[in-house]
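Novice: Starting off with a structure, shown below.
The values are calculated or read from the model by the stated rules, or taken from the named source; none is laboratory data. None of the values given here were measured: they were computed from a predicted structure. Cβ: placed from backbone, ideal geometry, glycine included. Neighbour counts: every protein chain shown. We work out accessible area using only protein heavy atoms, side chains counted, and drop any ligands, DNA or RNA first. Shrake-Rupley method; radii C 1.70, N 1.55, O 1.52, S 1.80 Å.
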Amino acid sequence: MRDFPIDRIMTADPATVGPQDSVVEAQRRLDNHFIHHLPVVESGRLVGMVSSSDLLKLHLLDDHLTLRMQATVGQIMETNVVVIDRKATLRDAAEKLCMGDFHALPVVDKRKHLVGIVTSSDLIGELLEHLPD
C-alpha cells in the first residue's frame with residue numbers, strides 16, 4: 001500500500017478559487033462541495049490555499065461582518081503551501097501530512113499546475129479499506 005501512487009486516492013480537478021475572489025465566494029464553494037480546503041489558482045498555477053479554518057478565524061475577528069464582506073481570498077490565503085508531486089506515493093503524502101499543521105496537500109506537476117488534492121481523510125479512508133475486519 002505504501003507504494004501506491006497518489007493519484008489512486010487524490011481528488012482530480014478539485015474545486016478552486018482565485019486570489020481575487022471574495023471570501024464569501026470561497027465559503028460558498030466550501031459549503032457547496034462539502035469540503036474544508038480550496039486551492040487558490042491563478043492561470044492554472046497554484047498560488048495559495050484557503051481553508052474553512054481560515055474563514056472561521058476571519059469570522060471570529062470580525063464582529064460586524066465588514067471585513068468578511070469585503071475581503072478577498074488573496075488577502076487571507078496561505079501562500080507557503082506544502083505540495084506533493086503527482087508521481088508521489090501514499091507514503092510520501094502521509095509523511096508530509098504528519099510533518100505539519102495542515103490536512104490537505106495540493107498535487108501539482110513540475111510547473112506547479114494543480115492536478116488534484118489529497119487530504120488526511122483520503123489517507124485514512126484508504127487505510128480503513130485495507131484493515132482486516
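Novice: Write down the Å³ per residue value for the convex hull defined by the alpha carbon atoms of the chain.
Specialist: 112
Novice: Using a basic spin-label model with each label point 7 Å from the Cα along Cα→Cβ, how many nm lie between R8 and H130?
Specialist: With each label point 7 Å from Cα toward Cβ, the separation is 0.6 nm.
Novice: Roughly to the nearest percent, how much of the accessible area of the stretch 24-133 is carbon and sulfur, given a 1.4 Å probe?
Specialist: It is 54 percent, rounded to a whole number.
Novice: OK, next. Among rounded, prolate and oblate, which fits the stretch 77-124 when a ≥ b ≥ c are the square roots of the eigenvalues of its C-alpha gyration tensor, a/c under 1.5 means rounded, and a/b larger than b/c means prolate?
Specialist: Numbers: a/c = 1.75, a/b = 1.18, b/c = 1.49.
Note, shape of the stretch 77-124 comes out oblate.
Novice: In nm, to one decimal, how far is the K57 label point from the E78 one, both placed 7 Å along Cα→Cβ?
Specialist: Here the modelled spin labels are 0.9 nm apart.
Novice: Measure nothing but the geometry: give the 0 to 90° angle between the long axis through the Cα atoms of 120-130 and the longest principal axis through the Cα atoms of the chain, rounded to 10°.
Specialist: 30
Novice: If you average 1/r over all unlike Cα pairs in the stretch 17-58 and invert the result, what Kirkwood radius do you get in angstrom?
Specialist: When all Cα pairs of the stretch 17-58 are included, the Kirkwood radius is 10.3 Å.
Novice: For the stretch 91-105, just list the computed ³J(HN,Hα) in residue order, Karplus coefficients 6.51, -1.76 and 1.60, θ = phi - 60°, integers in Hz, with x standing in for Gly and Pro.
Specialist: So the J values, rounded to whole Hz, are 4, 4, 5, 4, 5, 5, 5, 6, 8, x, 9, 8, 10, 8, 10.
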